[in-house]
Amino acid sequence: MRLEDLGYNNNLEKFRAENNLDGFEVGRVITEQKERYLVKTINGEFDAEITGNMRFTAKSREDFPAVGDWVALTVYDSDLAIIHKILPRFSTIKRQAVGQFGEIQLIATNVDFAFIVQAIDRDFNINRLERYLTICNSSNVNPVIVLSKIDLIDESLINEKLDSIKARIKNVPAIAISNETQDGYEAIKRFIEKGKTYCMLGSSGVGKSTLLNNLSGKTRMRTDTISESTNRGRHVTSHRELIVLENGGILIDNPGMREVGITEATSGLEVTFDMIFRLSQNCKFKDCTHTHELGCSVLNAVENGAIDRASYENYQKMEREKAHFESTLLEKRKKDKEFGKMMKNYKKRNKESS
Ligand SMILES: Nc1nc2c(ncn2[C@@H]2O[C@H](COP(=O)(O)OP(=O)(O)OP(=O)(O)O)[C@@H](O)[C@H]2O)c(=O)[nH]1
Ligand SMILES: [Mg+2]
Ligand SMILES: [Zn+2]
């Protein structure tokens, strides 16, 4: 195996050379469980932790490694390796951490494409698709929509769903597949290139791991049906994991997600709702919120049907979430700063009195 087979590239090599990391091995984080990382290098797979210094200086979740990261590490033996540095990420998929407002959760890094999987029979929801798209668009990841389980519904309904996606979401490929019959697999495989990284996103039970297993030709991930009534909230896949396919594509599986909370997804909303953003240039007021203003091009477009009303409402909801997240973050930073100041004064006073 070469590092390139795991997705290593010239930019990373350049960074390594310029930052005097010659004394370290380089590897990619393939799983993560509670601050323990399994890192794959050309010499094998190693259990790793970060240095105390890294933990001490970390300001947010983004300063910790995540699945997909390239890291510089020292290997002592198979159970002990220490990660010294995270090499620069070219993409970071993140969401609002569930139940911890203002906190970020990293889903995967250095991802080229995301397969956004929804089961066509029960899970299909365009508002949620737009959420995933926003996350992808804010993080430099190319989205591909995958509707799974088409063996479970009537063929005419498949096209109906695909058309309803097309009506609202432009320029994003959508593929309908069945993991049972493998219909649509050719279309999926066409996206998968050697050395590129793909990430599975979607709710629990939609068939992400089944798809990954089938593509890899081996059972890498456990799959199962979970009875909604008896096992609410449990996922079959419990952690993130990166695997290399025979054709050279690199796939990251993820536990299913219930909520896809928007963080400070700056450009994500702009790209996802590009029609709304283009029209907003023509609004009468510069600070138009597109909610009630006269001379608002966006509201006009909603009125005359040029913009789908449901899409507009979904956009407004995510805008509010984004604003809420940003203000929470600001508040938190302010508090952290005040706490830092207090500690400094306290130490100073102690010094003076001693
Ligand atoms: N009929 C049908 N069943 C499928 C299809 N894909 C997956 N399944 C079944 O759906 C169940 C869940 O599949 P998984 O692959 O474990 O789902 P997952 O998205 O990985 O779920 P989590 O790991 O919990 O996020 C399994 O029983 C699969 O056999 C499909 O295309 N058609
Ligand atoms: Mg799974
Ligand atoms: Zn407006």
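The values are calculated or read from the model by the stated rules, or taken from the named source; none is laboratory data. A quick note: this is a predicted structure, and the numbers were derived from the prediction, not measured. All Cβ positions, even for glycine, are placed from backbone atoms using ideal geometry, and neighbour counts span all protein chains on display. Accessible surface areas use protein heavy atoms only, side chains included; no ligands, DNA or RNA. Shrake-Rupley method; radii C 1.70, N 1.55, O 1.52, S 1.80 Å.
Electrostatic bookkeeping for LYS337 treats Lys and Arg as +1 and Asp and Glu as -1; over the other residues with beta carbon under 15 Å from its beta carbon, the sum is +4. Given Cα pairs under 8 Å that are at least 6 residues apart, what percent is the relative contact order of region 3-138? The normalised contact order for region 3-138 reaches 18 percent.
Summarising the amide proton neighbourhood of VAL117: residues at separation of 5 or more, or on other chains, whose placed amide H is nearer than 5 Å comprise VAL146, LEU201, GLY202. Normalised by the number of residues in the chain, the mean separation of alpha-carbon contacts (under 8 Å, six or more apart) gives a relative contact order of 15 percent.
Remark: relative contact order (region 46-119) = 30 percent; criterion is Cα-Cα distance under 8 angstrom and separation of 6 or more residues. Taking each DSSP H run with n ≥ 4 as -39500 (n - 2.57) and averaging over every residue of the chain yields -10500 deg cm²/dmol at 222 nm.
Normalised per residue, the accessible area of the chain is 54 Å², obtained with a 1.4 Å probe and no contribution from ligands, DNA or RNA.
Taking other residues whose beta carbon is less than 13 angstrom from the beta carbon of ASN125, and scoring Lys, Arg as +1 and Asp, Glu as -1, yields +2. Gyration tensor over the Cα atoms of region 247-346: the corresponding equivalent ellipsoid has semi-axes (square roots of 5 times the eigenvalues, largest first) of 34, 25, 12 Å.
A straight line joining the Cα centroids of region 10-70 and region 174-202 runs 28 Å. Size descriptors for the chain (Cα atoms only): Rg and Dmax, in that order, 22.7, 82 Å. Per atom type, the chain shows carbon and sulfur on 47% of its accessible surface, probed at 1.4 Å. Residues in region 270-275 carry Karplus couplings, in order, of 4, 6, 5, 10, 5, 5 Hz; the curve used is 6.51 cos²θ - 1.76 cosθ + 1.60 with θ = phi - 60°, and Gly or Pro positions show x. Other residues within the sphere of radius under 11 Å centred on the Cβ of SER78, judged by their own Cβ, net out at -4 (K and R +1, D and E -1). The Cα center of region 303-334 and the Cα center of region 245-274 differ in position by 18 Å.
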